[in-house]
Amino acid sequence: MTIAVDGPAASGKGTIARALAQHFGLSHLDTGAIYRAVALEALRAGVPLDDAGALAGLAHHLDLTLLEDPALRDPETAEAASLVSQHPGVRAALLEFQRSFATRAGGAVLDGRDIGTVILPDATAKLFVTATPEVRARRRLLELEARGHRADFDGVLALIRLRDRRDSERAAAPLVKAPDAILLDTTDLDREEAIRRAIERVSVALCNAAQGRAGRAPPPAGHFV
Ligand code: DC
């Protein structure tokens with residue numbers, strides 16, 4: 001069983017993916033963290049963020065210990081990850097790692113930008129989590145302040161908008177909702193309510209998938225939207 005959770009920066013997809021993994025007893029992979037790890041390694045090694053060949057090389061030999069590095073969550077790393085993830089060679093190098101994680105025994109939840117469209121197009125359930133840029137900027141600001149960073153709302157909002165544009169408009173695996181993904185807008189939801197709705201909708205989707213596999217009639221269109 002695989003669950004794909006996609007969405008823009010600070011939409012709540014990571015929180016939701018972790019909660020889904022815990023609820024359904026699945027492993028969880030934050031795929032943004034692997035792009036961040038490549039970016040962090042590049043920043044530290046002085047590899048230019050437009051050197052596609054060198055970056056693909058780093059991605060091929062991904063240093064998994066970096067996934068635990070606190071600097072992964074720094075705004076500079078996030079910005080660099082967004083640039084690094086534009087390169088098709090980097091994406092190709094990370095694809096197999098993500099797919100093999102997903103097929104591990106017991107099933108998995110992966111969250112990112114292209115999970116439902118490229119990495120796991122046949123995922124058992126797909127969720128696309130979104131919220132307005134203003135609400136996402138407010139959440140990101142609180143997160144940054146809690147980690148001791150100084151930031152202002154307008155600056156964070158501008159960065160969120162820039163990353164949205166870059167992630168959505170890139171040629172390689174852009175951020176886009178898969179046609180069969182369930183849309184969850186968390187703009188007006190608090191953390192608990194967003195998690196509750198995600199579990200409810202994914203449960204219905206998993207039920208429908210199980211019934212489909214058993215050869216029963218599919219639910220009417222829009223049943224769980
Ligand atoms: O989810 P995040 O903010 O940690 O992701 C950091 C960057 O990595 C994001 O700007 C785009 C990229 N990314 C991607 O291209 N594909 C993914 N599946 C996950 C992240």
On the formula 1/(1 + (r/R0)^6), with r taken between the Cβ atoms of A92 and E193 and R0 of 30 Å, the FRET efficiency rounded to 0.05 is 0.20
So how do 186-197, 28-39, 123-134 stack up, highest first, on mean other-Cβ count within 10 Å? 28-39, 123-134, 186-197
Report the extension gain between S168 and Q22 in nm, rounded to one decimal, defined as 0.36 nm multiplied by the number of residues separating them, less their alpha carbon distance. 49.6 nm
R104 to R150: FRET efficiency via 1/(1 + (r/R0)^6), r the Cβ-Cβ distance, R0 35 Å, to the nearest 0.05? 0.30
Net dipole in debye of the chain [+1 Lys, Arg Cβ; -1 Asp, Glu Cβ; about Cα centre; nearest 20]: 580 debye
Expected sort for 2-15, 109-122, 77-90 on mean C-beta neighbours within 10 Å, highest first, is 2-15, 109-122, 77-90
The chain: relative contact order as a whole-number percent, Cα under 8 Å and 6+ apart: 30 percent
Nearest 500 deg cm²/dmol is fine: what mean residue ellipticity at 222 nm does the chain get from its DSSP H runs of n ≥ 4 alone, each adding -39,500 (n - 2.57), divided by its residue count? -16500 deg cm²/dmol
At 15 angstrom or more along the helix axis (alpha-carbon based) and mean Kyte-Doolittle of 0.0 or higher, what helices does the chain contain? Whole DSSP H runs only. 13-24, 31-45, 88-102
Among Q211, L175, G155 the positive-end extreme of the charge dipole of region 77-216 (Cβ point charges): Q211
Local charge sum around D190 (other residues, Cβ-Cβ under 12 Å, Lys/Arg +1, Asp/Glu -1)? +1
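Values quoted throughout were computed directly from the atomic coordinates according to the rules given, and no laboratory measurement underlies them. What you see is a predicted model, and the numbers here were worked out from it, not measured in a lab. As a convention, Cβ positions derive from the backbone with ideal geometry for all residues, glycine included, and neighbour counts pool all protein chains shown.
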